[in-house]
Amino acid sequence: MSDDRFAAATSETFAFLDERGFERRESRWRVDYRNATTLVSVALSPPPEAELGVRLAPAEGGEAIELGALLEARGAPLPPENAMPADPHLPEALEAWAAALREHAEPLLRGDFEGVDDVRAVQRRRREEFEGSLAEMRERAAERHANAGWLRRLWSRLP
């Protein structure tokens with residue numbers, strides 16, 4: 001599957017949202033579904049990250065709920081979170097996300113965003129872990145840069 005077919009594959013897999021009255025808007029890396037109460041976004045970040053995910057938010061705006069965080073909070077298995085656009089298994093990964101959406105996010109699809117404090121806590125923890133990892137990577141890069149400078153000065157003093 002080429003990267004330009006992501007939207008088509010997503011539209012086919014998440015067609016049940018069309019049947020429920022959601023309006024669909026497609027782009028190369030994201031397909032949004034909106035009805036009067038809820039916005040559902042299915043997105044694949046461009047390579048090399050190629051992270052696949054589904055987010056739900058109130059249609060009038062507000063904090064989005066990551067389907068992966070909802071599944072984690074409820075102890076449900078996570079669908080594949082990485083899929084390259086050309087991966088022949090991308091349709092299977094999309095189907096797993098669609099099935100999880102149907103099975104675990106029914107209240108959110110109806111616009112009921114109450115009772116998701118546990119999900120928000122998972123999202124906060126994930127964000128903190130990511131920010132911690134990012135800070136650690138920056139620190140290591142700064143150390144490498146400092147070490148490289150030290151080595152350049154040392155080498156420049158050699159005859």
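Coordinate-derived values only; no laboratory data. Computed from a predicted structure; not experimentally measured. Note: ideal-geometry Cβ built from the backbone for every residue, glycine included; neighbour counts use all protein chains shown.
Around I65, which amide H atoms from residues at least 5 apart in sequence, or from another chain, sit under 5 Å from its own amide H, with H modelled in the peptide plane?
L56, A57
Name the long-range amide H neighbours of F14: under 5 Å, sequence gap of 5 or more, or other chain; modelled H, no Pro or chain starts.
Amide H neighbours of F14: none.
For the ranges 23-36, 96-109, what's the packing order if you count other beta-carbon atoms within 10 Å of each residue, average per peptide, and put the highest first?
Working: 23-36: 15.5, 96-109: 17.3.
In decreasing order of mean packing, 23-36, 96-109 become 96-109, 23-36.
At 37 °C and 0.692 mPa s, grab the translational diffusion coefficient of segment 3-115 from Stokes-Einstein with a Kirkwood Rh over Cα pairs, rounded to a whole number in µm² per second.
Working: Rh = 14.0 Å.
For these conditions, the coefficient is 235 µm²/s.
What ³J(HN,Hα) values, in whole Hz, does the Karplus curve 6.51 cos²θ - 1.76 cosθ + 1.60 give for segment 108-125 when θ = phi - 60°, with x put for Gly and Pro?
5, 5, 8, x, 8, 9, 7, x, 10, 4, 5, 5, 4, 5, 5, 4, 4, 4
Where the only charges are on Cβ atoms (+1 Lys, Arg; -1 Asp, Glu), what is the dipole of the chain about its Cα centre, to the nearest 20 debye?
Values: 22 positive and 30 negative charges, 201 e Å.
Here the size comes out at about 960 debye.
Rounded to the nearest 500 deg cm²/dmol, what is the calculated helix-only ellipticity per residue at 222 nm for the chain, with -39500 (n - 2.57) per DSSP H run of length n ≥ 4?
Values: 6 runs with 80 residues, N = 159.
After summing the helix terms and dividing by residue count, I get -16000 deg cm²/dmol.
Among V54, V119, V42, rank each residue by its count of other Cβ atoms within 10 Å, from fewest to most, as a rough exposure measure.
Numbers: V54 25, V119 22, V42 28.
Fewest to most other Cβ atoms nearby, the residues stand as V119, V54, V42.
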